[in-house]
Amino acid sequence: MPTYFVLLGAPGAGKGTQAAEVSTRLGLPHVSSGDIFRENLKNQTELGVQADGYMSRGELVPDDLTIAMIGERLSRPDCEPGAILDGFPRTVAQAEALDEMLREWGGKVDAVAYIMVPEPELVSRLSGRLVCRECGETFHKRFRPFERCPNDKCEGQYLYQREDDQEETVKKRIKVYLENTAPLIEYYQAKGVLVEVNGDQAIEKVTAELLASLPVNGSA
């Protein structure tokens, strides 16, 4: 039977980093909703063209399109053993659709790991991010403190801060996430599959706690 894990956490909680690491450790593909959107938009797939139409009008992409993109990705051969889901579901409606999809394939959400980080730390992590305009690599005022990009091909390009990483914007993003995710947390708590992980520690310790909390090979 395939194994499916969902990673939840506010912006800055480290979902992407942990999903990639857990994916490597468990041999399950890392399925990121952001990556799937970018792939469909770049390749101008039928789903991507439809999504682009909504986005270009400044509208939210409907759940059915997002769910269809996720479903297409999960139907690929590399996901036969299961997957680590990052960035999806975001709403109870999406969670219900995922449950139905997996049920048809003989699977289910085995565990949902909620990576918890105090709000001040989330703000510090996100508002400290800097990006190179040339190569797009990400740095950080605390963790990778550079003023200029150290990559040779960028020829000392100055780093900049994206608008959505400015402190006030970051606080709003976190507030919206927490408000919108509360029902999803309750949904998975009611199903008995939610585990809480302390995300306010070293990356390797978060990974270890995550792996210890997931029901891998039939053990919790």
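The values are calculated or read from the model by the stated rules, or taken from the named source; none is laboratory data. In this text, all values refer to a predicted model and were calculated from it rather than measured experimentally. All Cβ positions, even for glycine, are placed from backbone atoms using ideal geometry, and neighbour counts span all protein chains on display.
Tabulated results
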| read-out | value |
| --- | --- |
| Any strands (runs of 3 or more DSSP E) falling wholly within segment 31-135 and containing at least 2 residues that are at pLDDT 95 or above | 82-86, 109-116 |
| Of all residues making up segment 81-91, the number that are surrounded by fewer than 17 Cβ atoms within 10 Å (Cβ to Cβ) and under 16 Å from the mean Cα position of the chain (by Cα) | 2 |
| Number of the exception - GLU147 against (1) surrounded by fewer than 20 Cβ atoms within 10 Å (Cβ to Cβ); (2) of a type outside the set (Gly, Ala, Ser); (3) within 22 Å of VAL197 (Cα to Cα); (4) in contact with a strand residue (DSSP E or B) (Cβ under 9 Å, 6 or more places away or on another chain) | (3) |
| Considering residues of segment 1-30 that are hydroxyl-bearing (Ser, Thr, Tyr) and not in a helix (DSSP H, G or I) only, the residue farthest from PHE88 (Cα to Cα) | THR3 |
| Pick from segment 1-48, criterion of a type in the set (Val, Ile, Thr) and closer than 22 Å to GLY106 by Cα, ranking: surrounded by the most Cβ atoms within 10 Å (Cβ to Cβ) | VAL6 |
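Here is a yes/no grid of residues against (1) out of contact with any His (no Cβ under 9 Å at 6 or more places or on another chain); (2) in contact (Cβ under 8 Å) with a residue 12 or more places away in the chain; (3) closer than 21 Å to PHE139 by Cα:
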| residue | (1), (2), (3) |
| --- | --- |
| VAL170 | yes, yes, yes |
| GLU186 | yes, no, no |
| GLU196 | yes, yes, no |
| GLU209 | yes, yes, no |
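The rows are residues; the columns are (1) within 22 Å of ALA111 (Cα to Cα); (2) free of Cβ contacts under 8 Å to residues at least 24 places away in the same chain; (3) exposed (fewer than 15 other Cβ atoms within 10 Å of the Cβ).
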site	(1), (2), (3)
GLY156	no, yes, yes
LYS175	no, yes, yes
ALA182	yes, yes, yes
GLY199	yes, no, no
ALA202	no, yes, yes
LYS205	yes, yes, yes
